[in-house]
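Contents: one structure, followed by commentary.
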Amino acid sequence: MPAIGLDLGASKAVMAVLAGGEPRLIPNREHSPLTPAALALDPQGGLVWGHDALASGEGALEMWLPRLGEAASLALGGLEYTPEELAALFFDCLRQEAEAHLGQALGRVVLATPLAFGQRQLALLRQAAHRAGLFVLSLVPSTLAAGLAYAWEHPTAEPHTMLVADFGAGSLGVALLRTFPGALTVLGQAGNRWLGGEDFTQAIVAHLLRRLQAERGLLLDETQAARRALRRRLRRTAEAAKVALSTVEQVRIALAPEDLGLKVGLDEVLRRNQFEGMAEPWLAQALETVERALAEAGLSPEGVDAVLLAGAASRMPFWQAELARRLRRARFLRDFNPLTGTAMGAALWAALVGQVRCPTCGVASPREATACPRCGSRLSGEARLACPRCFVPNRPEGLSCHKCGTSLRAARQRAGAPLARAWSGDEGLRCHRCGLVAPAGAGSCPHCGSVVAPFVGGLSRYDVGLEGDGGRMDVVLPRGRGLPTQPAWRVFASAEEGELLEVPLYEGDKPVARRNERCGTLRVELPADGGSGCRVRVGFGFDADGLLEVRAEADDGSGHALDAWLEWAP
Ligand SMILES: Nc1ncnc2c1ncn2[C@@H]1O[C@H](COP(=O)(O)OP(=O)(O)OP(=O)(O)O)[C@@H](O)[C@H]1O
Ligand SMILES: [Mg+2]
């Protein structure tokens, strides 16, 4: 059961696995390493994903990942799904792709996620993977995975500072990494979850709409649905124009009335400088993210030696030009694939993780463990059965689908024997010096003693806190702290009789708690005889992945442990 690296983005997913001690991309059924994050139903009502979903026309569901954590409901073939359910569905599709290629069941995954994701998105993504039967070994920010992939390929003798900018479809992440011989550390980082290549596409969509109205005399149907439909029709054309403008100075956009479902068509030349003018506000936001990352790292632009561009939107020439203007001393590292490098880094990460943590009770076990010694939970992937009606993955022994209640009996009979789940051990990395493959989890080669992969240290992404006196943000765990962190303790008194203490959690840097993102809720089960006024001590910490973890005890000197957990549902 191999551990794989999986880079999940707003527009596509890429998977990689170690083979012969090196990361290799996992191709999908179309022999491409890139699987569009699109879902649709085929004419027979079956689920299709990736390129098939894009080819299915207007009904394809795209760009759902940035909505993770919102109380949103997205329609697919007459059924409504939350973004978390779509994530589980898509993970299940990816699992099938990877298992078809590898010929064996998947064991564990390292998920590379947008750096800008906060606690709620990360926790929901991990839950979604789990629902799809994937065991998440670790969550790594895409910028760090990209940096690791580069650093592993190019071991350095000299320390240097690298700015990694991952400009994807839905988000931007910027990290400053210091690479040493044998180590890679994050100096500072900043993300923007509301800025991605899609915004630049939408700038062109808005421009085309204006043209249709102003020059073609289109009277837009005022219904929201009609506007949405027209925007959807313009989007793919706008995206193709944007991509073309990265290499050519102008593009012709020609759409017949029937392409648009309108009485008028469009025939228009869009020049690169025109597009750049439209994109200015978003470019300014992107540069502001770079400034924040530099400030967190305590670096001036002159302190950056190299720039590593990740994410397909990093191909926009004006973004590269602005970075070059700002970071004058830095050279651009060209021998890196911005689309697939992050997944390669996630696969490398999978080889570095020494211990596996139980998702139920948090106890760490050696990597070889397949079940938690404390609570018995599984520590590797599990088989799943897709519901024949709504397609969400279910536990195979279940009687009916947990989402729509459809009976799973017929589906169980149809689904042949599950893939073998024999534990064959994971692979480690090939030693650059002697060429032998080290065991998984080993940082140095057992044969010649040299370092096989840099030691990697991550930082917490955002301030996490509570509402304090006068509504101010009481930051319990600050951003920019080395991971994992020591617990920070707070004492709470339950004001009312009740069985549960409930505390809202906030994430962000605004001084007023409620102006930040409400990212989740802490719940603590109070002692049965506690009653009103019972006091509990809660320890908050970030684990090695930067995810919040809590523990609680009675604050009466007894140290009596209490049940405490976090809820992430929006
Ligand atoms: N040549 C190009 N020039 C400009 N933009 C491009 C080019 N090729 C792709 N893009 C844009 O890059 C974005 C996709 O980038 P990428 O595949 O890295 O995103 P992602 O990993 O799916 O998303 P995220 O990391 O934000 O969750 C899309 O907005 C796409 O239009
Ligand atoms: Mg990405």
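Every number in this text was worked out from the coordinates using simple rules, so none of it is lab data. Nothing here was measured: the structure is a model prediction, and the numbers come from that model. FYI the Cβ positions are ideal-geometry reconstructions off the backbone, even for glycines, and counts take in every protein chain you see.
Could you pull out every residue, at least 5 positions away or on a different chain, whose amide H is within less than 5 Å of the one on residue 519? Hs are placed 1.01 Å off N in the peptide plane, and Pro or chain starts have none.
Counting only residues 5 or more places away or on other chains, the set is 505, 506, 507.
Excluding residue 89 itself, calculate the net charge of residues whose Cβ lies under 12 Å from the Cβ of residue 89, where each Lys or Arg counts +1 and each Asp or Glu counts -1.
Working: positive: 95, 131, 384, 403; negative: 84, 85, 92.
Residues near residue 89 contribute +1 overall.
Within a Cβ distance under 15 Å of residue 337, other residues only, what is the Lys/Arg minus Asp/Glu net charge?
-1
Would you mind computing, in nm to one decimal, how far apart the modelled labels at residue 180 and residue 256 are, each placed 7 Å from Cα along Cα→Cβ?
Result for the modelled spin labels: 6.5 nm.
In nm, to one decimal, how far is the residue 229 label point from the residue 332 one, both placed 7 Å along Cα→Cβ?
4.2
For the range 194-334, what's the relative contact order in percent, using C-alpha pairs closer than 8 Å and at least 6 residues apart?
Details: 127 pairs, mean separation 30.3, N = 141.
Relative CO of the range 194-334 lands at 21 percent.
Whole angstrom only: what separates the Cα centroid of the range 452-500 from the Cα centroid of the range 361-417?
32
State, as an integer percentage, the relative contact order of the range 128-195 based on alpha-carbon contacts under 8 Å between residues 6 or more apart. Mind dumping the intermediate values first?
Working: 100 pairs, mean separation 17.5, N = 68.
Normalised by residue count, the contact order of the range 128-195 is 26 percent.
For Cα pairs less than 8 Å apart in space and 6+ apart in sequence, what is the mean separation divided by the residue count of the chain, i.e. the relative contact order in percent?
On the way: 1279 pairs, mean separation 84.3, N = 570.
Normalised by residue count, the contact order of the chain is 15 percent.
Under a straight-distance cross-link criterion of Cα-Cα below 27 Å, which lysines are reachable from residue 242, leaving out those fewer than 8 residues away in the same chain?
The reachable lysines, counting only those whose Cα sits under 27 Å from residue 242, are 12, 263.
Could you work out the helix-only [θ] at 222 nm for the chain, with each DSSP H run of four or more residues adding -39,500 (n - 2.57) and the total divided by the number of residues, to the nearest 500 deg cm²/dmol?
One gets -8000 deg cm²/dmol as the mean residue ellipticity at 222 nm.
Can you work out the Karplus-derived ³J(HN,Hα) for every residue in the range 363-368? Use 6.51 cos²θ - 1.76 cosθ + 1.60 with θ = phi - 60°, whole Hz, and x for glycine or proline.
The phi angles translate into 6, 8, 10, x, 4, 6 Hz.
How long is the gain from residue 264 to residue 434 if the chain were fully straight, where each residue apart is worth 0.36 nm and the alpha carbon distance is subtracted?
Here the answer is 54.5 nm.
Take each complete run of DSSP H in the chain, measure how far its Cα atoms stretch along the helix's own axis, and keep only those covering 20 Å or more with mean Kyte-Doolittle hydropathy at least -1.0; list them. Show your work: numbers first, answer last.
Numbers: long enough: 83-102 (28 Å, 0.01); 197-214 (26 Å, 0.06); 224-244 (30 Å, -0.89); 272-297 (35 Å, -0.37).
Going by DSSP H runs, the hits are 83-102, 197-214, 224-244, 272-297.
Just to confirm a number: summing +1 for Lys and Arg and -1 for Asp and Glu over residues other than residue 13 whose beta-carbon lies under 13 angstrom from that of residue 13, what do you get? Could you put the intermediate results ahead of the total?
Working: positive: 12, 95; negative: 7, 62, 92, 97.
That works out to -2.
Please list the non-local residues whose amide H lies under 5 Å from the amide H of residue 353, H modeled 1.01 Å from N, same-chain partners needing a gap of 5 or more.
Those qualifying (amide H under 5 Å, at least 5 residues apart or on another chain) are 441.
Can you give me the Cα centroid spacing of the range 147-167 and the range 84-130 in angstrom?
26
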